[in-house]
1. Based on DSSP, what percent of beta bridges with both residues in the chain are antiparallel, to the nearest 5?
2. Given R₀ = 45 Å, what would the calculated FRET efficiency be for residue 62 paired with residue 219, taking r from the Cβ atoms and rounding to 0.05?
3. Calculate one ³J(HN,Hα) per residue across region 74-83 by plugging θ = phi - 60° into the Karplus curve 6.51 cos²θ - 1.76 cosθ + 1.60, and present them in order as whole Hz with x for glycine and proline.
4. Residues of region 111-145 with backbone nitrogen within less than 15 Å of a virtual label 7 Å along the Cα-to-Cβ line of residue 183, please, listed as ranges.
5. Name the lysines eligible as straight-distance cross-link partners of residue 185: C-alpha to C-alpha under 19 Å, and not fewer than 8 places from it in the same chain.
6. Under 27 Å Cα-Cα from residue 70, which lysines qualify once same-chain neighbours fewer than 8 residues away are excluded?
7. In what sequence do 53, 113 fall when counting other Cβ within 10 Å, fewest first?
8. Taking only Cα atoms, what is the 0 to 90° angle, nearest 10, from helix 242-251's long axis to the longest principal axis of the chain?
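We did not get these values from a lab; they are worked out from the coordinates using the rules stated. Note that the structure is a prediction, hence the values are computed from the model and not measured. Positions of Cβ are backbone-derived with ideal geometry, glycine not excepted, and every protein chain shown enters the neighbour counts.
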Amino acid sequence: MHTPRKRFGQHFLVDHSIIDAIVRDIYPRPGERVVEIGPGLAALTQPLLARLHHLDVVEIDRDIVARLQKQYSPDQLTIHATDALRFDFSSIGSDLRVVGNLPYNISSPLLFHLAQYRHAIRDMHFMLQKEVVDRMVAEPGSSDYGRLSVMLQYQFHLEWLLDVPPESFDPPPKVDSAVVRLIPKTDTGLDAASEARLGPLVTAAFAQRRKTVRNTLSQWFDEATLRDLGVDPGARAETLSVATFCRLAQAAT
Ligand SMILES: C[S@@+](CC[C@H](N)C(=O)[O-])C[C@H]1O[C@@H](n2cnc3c(N)ncnc32)[C@H](O)[C@@H]1O
């Protein structure tokens, strides 16, 4: 018996039709390097291992790590007993397929952490709080559109795969969930210096959502420059497309 730990966001998948659907969407093939974040009681680990010969897992809960060590041989499972937020995913290798039913309390910082390793990643499949997936895939003009949408859409192709109700978990979370696929873009269109400017610019633009870019981006642009770049100085960040943010990052100095 394992008592679920709230502080580690433990909601274990118990709905086999959902587990099957996720594994089908991942479509793991022998020889692939798959890394699971938060294996928990192995609801996904087990069917993944049935299709692969080996899996890397990153798990923070020492009791769960001990269970997994008893259940699986080191040939089957390489267990990284650590915090995924501090884990160097590139240490495992390249062309990684990262999967997981993520702890919802750390999902946004974890997505930003993983984005740093996107060059070592082939794709990612995650169960997340539905509200976070709404924000990830949101289009300009929607109230869900924000820093998470721009930064992730800039770096990844995103695909909403399926909705998952609370009853699919034990204990059931208080929120709806969804599974999403992220595929790193091979060419984001920005050079390294412009890319380094994109994050601070997007953060500043959305820090005060109700203010116009004339105010929020004043440290980079005057009104005339914004107009030259095709941006209305009276616009709010939530109306600017990802392509516009990239244009601003290229022009900022
Ligand atoms: C929502 S549960 C999913 C468990 C299992 N994969 C399933 O689908 O039933 C989240 C898992 O992530 C683990 N976890 C929580 N925070 C973590 C962190 N910072 N780093 C690594 N694992 C973490 C939890 O201990 C738990 O096993």
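1. 50
2. Computed FRET efficiency for residue 62 and residue 219: 0.50.
3. Those phi angles translate into x, 5, 7, 10, 9, 9, 9, 7, 7, 7 Hz.
4. 121-126
5. Leaving aside lysines fewer than 8 places away in the same chain, none come within reach of residue 185.
6. In chain and number order, the partners are 6.
7. Ascending number of Cβ neighbours within 10 Å: 53, 113.
8. Result, in degrees: 60.
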